[in-house]
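A.B. asks: A single structure is presented below for examination.
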Amino acid sequence: MEKILNSLNEAQQEAVKTIDGPVLILAGAGSGKTKTITSRLAYLLAQGIPSSSILALTFTNKAASEMRDRALSLIEDKTYPPLLCTFHKFGLLFLKFHMEKLGRRNSFVVIDSDDKKRIIKSFGIDMPVGLIANEISRYKNSLIDPSVAWEKAELPNYKKIAQIYEKYEKYIKDNNLVDFDDLLVLPYKILDENEELCKETSSRYQYIMVDEYQDTNDLQYRLIRKICSTHENICVVGDDDQSIYGWRGANIKNILDFKDEFKNTKIIKLENNYRSTSNILSAANGLIDHNRSRLGKVLKSTKGEGTPISVIESHDEKNESTVIAKRIRVLIDKGVSLKDIAVLYRINALSRSLEEGLNRLGIPYNMVGGVKFYERTEIKDLISYLRIIANPHDDFSIKRVINRPKRGLGKVTIDKILKGAYDNHLSIYGYISTRQDELKSLVSKKCFLALEEFTKNIERLIEVSEEATYNVIDELEELFGVKKYYAQLPDSLDRVSNIDEFYALFRDMVKQNPQMSIDDFLNDLALQSEQDNIDSENISIMSIHASKGLEFPYLFVIGLEEGFLPLVGDGSDIEEERRLGYVAITRAKDELTLCFSQSRFYKGRRTELTKSRFLTESGVSQGSLVLEKTTSYRKGDLVKHKIFGIGRIFEISKVKREFKLKINFSGTKRDILASFVEKI
C-alpha cells in the first residue's frame with residue numbers, strides 16, 4: 001500500500017482512497033491524472049476487490065494499455081487484470097455474449113468507415129457518400145431509427161437519406177455486420193430492453209472508472225447509467241476546462257452536471273501542476289476564468305516562476321512564419337532538441353505559410369495528426385487540375401480527377417477508357433477528346449456526356465490561362481466546383497479553408513508576378529513543398545486539437561486573432577474556443593510564445609485582423625475585455641421544442657444577448673431563441 005500512496009500528493013491520495021460512491025476527479029492539465037488513475041486501480045486490487053468487479057473505460061487503446069501496465073506494476077501480488085478498455089471495445093465484448101437478444105448471431109463482423117461508405121455507394125446514390133455516412137451516424141447516436149428519420153424528414157434530401165439509412169440497416173443486418181456506431185447503440189438497446197440483464201451486468205461491475213469524462217457523448221452517458229443501475233460506485237476523471245470536442249458530439253454537460261445526476265458526489269480537484277511554470281499557468285488560469293460554464297479550479301505550478309511569456313505581432317502571415325522560423329533556428333543553434341519544439345494553430349489552413357517559413361530556413365518538421373498542406377487530398381486535386389491545364393496529356397493527374405468531383409464514372413467505365421487510350425497509343429485526354437465515336441460505343445450516354453463536358457471545360461481553362469493566369473482559379477471553380485464539392489462533406493470546414501488558402505496563395509503569387517504562367521506556379525510550388533534532409537527528430541507542427549495530451553518545453557501558438565482563435569460566428573461556441581486556447585497554453589512547459597498578425601490572405605483576399613481577445617483575457621496583452629454570450633448549437637444539430645417537436649437547425653444568428661436559431665420542423669421553418677429548445 002505504501003508503494004501505491006507514497007509518491008502521491010494529498011489530493012491524489014484522497015482520489016485514490018475514495019472508492020465508494022460517486023467520485024468526480026477534476027484533473028487539471030499536467031496534474032498527474034494518469035498516475036492518479038493507475039494508482040487508484042492498483043489500490044482497488046490491493047484492497048482485495050476482485051479484478052472481475054472492476055471496469056475502466058477510456059478513449060484510446062493506447063491509454064488503456066498504459067494504465068493497465070502501470071497499475072499492475074504497483075501491486076505485489078500479480079493478478080488477472082481488470083477489464084480496462086475503450087467504450088467501443090466494451091461494446092464489442094458485450095455483443096459477443098448478448099447479440100442473440102436482438103435475434104442476431106454473435107458471429108457478426110465489424111466494418112470500418114470505408115466499408116460503410118462502400119456499402120452506401122453500392123446503392124447507386126447521387127449524393128455525397130460522406131455526407132450520408134455522417135448523417136446515418138448522427139441518427140444512430142441519437143437513437144433515431146430509419147422509420148423515425150423518414151417520418152421527421154420533410155425536405156427531399158432528408159427523405160432520401162432516411163431511405164438510404166433504411167437500406168443500409170437492412171443490408172448490414174442481412175449480412176450480420178456491425179458498424180462502429182452499433183458498438184455503442186446495440187449494447188444500449190439490449191440493456192434498455194432487458195431489465196434483468198441490465199441488473200446482472202451492473203452487479204458484475206461494482207467499481208466503474210471513466211477517463212476523459214468531458215469527452216463523453218449523450219449515448220456514452222446513457223450506457224454508463226445502465227451499467228450503474230444497481231449501485232453508484234462510479235469514479236469519473238476529466239477536466240471540464242479541456243472539453244474541446246463539442247463538434248464531434250462530446251457533451252460538456254456530462255461532467256458539469258455529474259454532481260447533480262449522481263447524488264452525494266465527492267469532488268476532488270487535482271490543481272498541482274507538474275508541467276508548466278507559474279507564468280504560463282497564470283495566463284491559462286486568467287483565460288479560462290472568463291468561462292461561465294465551468295466547475296472551477298486554479299492550477300498551481302510546482303516549477304517556479306519561469307521565463308515571461310513572449311508575444312509576437314507580425315504584419316502578415318509571411319512575416320509571422322519568418323520570425324518564428326528564425327526564433328526556432330536560434331533555439332536549435334543553442335542546442336535545444338528539435339523534438340522539444342512545437343507550433344500550434346487553430347485552423348489547419350494556417351500551416352501553409354508556416355511550412356514555407358520552416359522550409360526556407362531548412363528546419364525539418366513533422367505534422368502531427370494531420371497531413372502537410374500540399375499533401376492534403378483537396379489540395380492535390382487542385383494541383384492536378386492545374387497540371388492538366390499546363391499539360392492535358394498528364395495521365396497521372398487526369399486519373400486523379402477524372403471522377404472528382406463525382407461525374408458518375410465508375411471503376412468499370414474508367415478501366416474501359418484507360419484500355420481504349422492504351423490500345424490507340426494515346427493519352428487519356430487525347431483519347432476522350434478525339435475518339436468520340438469509339439467512346440460512345442464503350443460507355444453509357446450519361447458517362448459520354450460527362451466526359452464531353454470534362455474535355456470542353458479543360459479546353460476552356462487552357463484558353464483562360466493563355467489570356468490571363470490570374471483568372472484561372474475563378475474559372476476552375478466555376479466550371480468544376482471543387483470547393484462546392486468538398487463543402488458537402490462532413491469535414492467541410494477544414495477542407496474549404498484549405499481550398500480558400502490555396503486559391504489565395506495562387507492569386508497572391510500571380511499578383512506579385514503578373515507574367516507568371518501555370519507552369520511557373522507549379523514549379524515554385526514543387527520547390528516550396530519539398531523537404532530535404534529530414535531527420536527522425538523534427539520539430540512538431542499541429543492543430544490545437546491534435547496537441548491534447550502532449551507537452552513541449554518550447555511552444556509557439558500562431559493565429560491569435562479574432563476569427564481564427566477564437567473562431568467567431570456560424571454557431572461557434574466562444575467557451576469551447578476559450579477552452580481550446582487554454583489547452584494550447586497548457587501544452588507549454590518552459591517557454592511560451594503567442595503570435596498574432598495584423599492581416600492574413602484568407603478566403604481569396606487580404607483581411608485586416610484584430611488581435612484575439614484571449615491575449616487580453618490571459619493577461620499577456622492590454623486591451624478591452626470582451627464577454628459574450630455563447631451557444632453550443634451548430635448548424636445540422638437536432639433539437640427538441642416543447643410544442644413543435646423535433647427539428648434540425650439550418651441557420652444561427654445573434655440577436656442582442658441571445659442566439660436565434662432557424663429550425664426546420666418537418667418542413668415548417670421557424671425562428672426560435674436558443675434558450676427555448678434542447679439538443680437531442
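The values are calculated or read from the model by the stated rules, or taken from the named source; none is laboratory data. In this text the structure is predicted, and so the values were computed from the model without any measurement. Please note: Cβ atoms are built from the backbone with ideal geometry, for glycine as well, and neighbour counts cover all protein chains shown. With ligands, DNA and RNA removed, areas are computed over all heavy atoms of the protein, side chains included. Shrake-Rupley method; radii C 1.70, N 1.55, O 1.52, S 1.80 Å.
A.B. asks: Kindly list the number of the only condition in (1) surrounded by fewer than 20 Cβ atoms within 10 Å (Cβ to Cβ); (2) more than 25 Å from residue 612 (Cα to Cα); (3) not hydroxyl-bearing (Ser, Thr, Tyr) that fails for residue 247.
C.D. replies: (2)
A.B. asks: Tell me, please, whether a residue that is closer than 25 Å to residue 246 by Cα, modelled with pLDDT of 90 or more and surrounded by 14 or more Cβ atoms within 10 Å (Cβ to Cβ) can be found in region 627-636.
C.D. replies: The answer is no, given that none of the residues of region 627-636 is closer than 25 Å to residue 246 by Cα, modelled with pLDDT of 90 or more and surrounded by 14 or more Cβ atoms within 10 Å (Cβ to Cβ).
A.B. asks: Say we look at region 302-324 and pick out the residues that are under 30 Å from the mean Cα position of the chain (by Cα) and within 15 Å of residue 592 (Cα to Cα); which of these is surrounded by the most Cβ atoms within 10 Å (Cβ to Cβ)?
C.D. replies: Ranking the candidates gives 324 first.
A.B. asks: Being open to solvent by 10 Å² or more (accessible area, probe 1.4 Å), of a type in the set (Lys, Arg), touching a residue at least 40 places away in the same chain (Cβ under 8 Å) and under 22 Å from residue 590 (Cβ atoms) is the requirement here; does residue 327 meet it?
C.D. replies: Here the answer is yes, as residue 327 does meet what is asked.
A.B. asks: Among 116, 160, which is surrounded by 15 or more Cβ atoms within 10 Å (Cβ to Cβ), under 22 Å from the mean Cα position of the chain (by Cα) and of a type in the set (D, E, K, R)?
C.D. replies: Only one candidate qualifies: 116.
A.B. asks: On to the next question. When you scan region 234-347 for strands (runs of 3 or more DSSP E) that lie fully inside it, which ones turn up with 2 or more residues that are of a type outside the set (A, V, I, L, M, F, W, C)?
C.D. replies: Here the list reads 266-270, 310-314.
A.B. asks: Further question: So, in region 413-428, of the ones that are under 38 Å from the mean Cα position of the chain (by Cα) and not aliphatic (A, V, I, L, M), which residue ends up nearest to residue 393 (Cα to Cα)?
C.D. replies: Top of the filtered list is 415.
A.B. asks: Search region 5-56 for residues being within 17 Å of residue 83 (Cβ to Cβ), of a type in the set (S, T, N, Q) and open to solvent by 10 Å² or more (accessible area, probe 1.4 Å), and hand back the single one that is modelled with the highest pLDDT.
C.D. replies: Ranking the qualifying residues of region 5-56, first place goes to 53.
A.B. asks: Hey, another quick one. Counting only residues that are open to solvent by less than 60 Å² (accessible area, probe 1.4 Å) and more than 38 Å from the chain's Cα centre (by Cα), which one in region 445-463 is nearest to residue 522 (Cα to Cα)?
C.D. replies: The selected residue is 452.
A.B. asks: Grab the strands (runs of 3 or more DSSP E) fully contained in region 578-623, keeping just those with 1 or more residues being within 25 Å of the chain's Cα centre (by Cα).
C.D. replies: Per the criteria, 588-597, 599-602.
A.B. asks: Continuing with the same structure: Given the conditions (1) small (Gly, Ala, Ser); (2) surrounded by fewer than 16 Cβ atoms within 10 Å (Cβ to Cβ); (3) on the phi < 0 side of the Ramachandran plot, which single one is not true for residue 149?
C.D. replies: Tallying (1) small (Gly, Ala, Ser); (2) surrounded by fewer than 16 Cβ atoms within 10 Å (Cβ to Cβ); (3) on the phi < 0 side of the Ramachandran plot, residue 149 fails exactly one: (2).
A.B. asks: Okay, next question. I'm told residue 222 meets every condition in (1) of a type in the set (D, E, K, R); (2) open to solvent by 10 Å² or more (accessible area, probe 1.4 Å); (3) under 22 Å from residue 29 (Cβ atoms) except one. Can you identify the failing condition by its number?
C.D. replies: (3)
A.B. asks: Scan region 178-211 for residues that are in contact with a Lys or Arg (Cβ under 9 Å, 6 or more places away or on another chain) and of a type in the set (Phe, Trp, Tyr) and jot them down.
C.D. replies: Selection gives 180, 188.
A.B. asks: Can you tell me which residue within region 186-197, out of those that are crowded, with 18+ Cβ neighbours inside 10 Å and not aromatic (Phe, Trp, Tyr), is nearest to residue 90 (Cα to Cα)?
C.D. replies: Among those residues, the one meeting the criterion is 187.
A.B. asks: Of all residues in region 646-667, how many are over 22 Å from residue 574 (Cα atoms) and modelled with pLDDT of 85 or more?
C.D. replies: 4
A.B. asks: While we're here: Can you tell me which of (1) out of contact with any helix residue (DSSP H, G or I) (no Cβ under 7 Å at 6 or more places or on another chain); (2) open to solvent by 50 Å² or more (accessible area, probe 1.4 Å); (3) under 30 Å from residue 177 (Cα atoms) is the one residue 59 doesn't meet?
C.D. replies: Evaluating residue 59 over (1) out of contact with any helix residue (DSSP H, G or I) (no Cβ under 7 Å at 6 or more places or on another chain); (2) open to solvent by 50 Å² or more (accessible area, probe 1.4 Å); (3) under 30 Å from residue 177 (Cα atoms) leaves (1) as the failure.
A.B. asks: Tell me which helices (runs of 4 or more DSSP H) are completely within region 150-207 and hold 2 or more residues being closer than 20 Å to residue 134 by Cβ and in contact (Cβ under 8 Å) with a residue 12 or more places away in the chain, or say none if there are none.
C.D. replies: 156-174, 182-193
A.B. asks: Could you give me the residue pairs with C-beta distances under 6 Å whose first residue belongs to region 384-397 and is over 14 Å from residue 433 (Cα atoms) and open to solvent by 60 Å² or more (accessible area, probe 1.4 Å), whose second residue is among the charged types (D, E, K, R) and modelled with pLDDT under 90 wherever it lies, and which are 6+ apart or on separate chains?
C.D. replies: Note: pairs meeting the criteria are 387/394.
A.B. asks: How many residues are open to solvent by less than 20 Å² (accessible area, probe 1.4 Å) and modelled with pLDDT under 90 if we restrict to region 353-375?
C.D. replies: The number of residues fulfilling the criteria is 1.
A.B. asks: Please go through region 113-129 and pick out each residue that is in contact with a Lys or Arg (Cβ under 7 Å, 6 or more places away or on another chain) and part of a helix (DSSP H, G or I).
C.D. replies: Within region 113-129, just 129 meets the criteria.
A.B. asks: Tell me which of these residue 176 doesn't satisfy, since it passes every other one: (1) at pLDDT below 90; (2) surrounded by 14 or more Cβ atoms within 10 Å (Cβ to Cβ).
C.D. replies: Failed condition: (2).
A.B. asks: If you don't mind, another one. Taking region 5-47, which residues are over 28 Å from residue 547 (Cα atoms) and not in a loop (DSSP other than H, G, I, E, B)?
C.D. replies: Hits for region 5-47 are 5, 10, 13, 14, 17, 42, 43, 44, 45, 46.
A.B. asks: Can you run down the residue pairs with Cβ atoms below 6 Å, 6 or more apart or on separate chains, where the first is in region 107-127 and among the basic types (Lys, Arg) and the partner is assigned to a helix (DSSP H, G or I)?
C.D. replies: 116/133; 117/129; 117/133; 121/129
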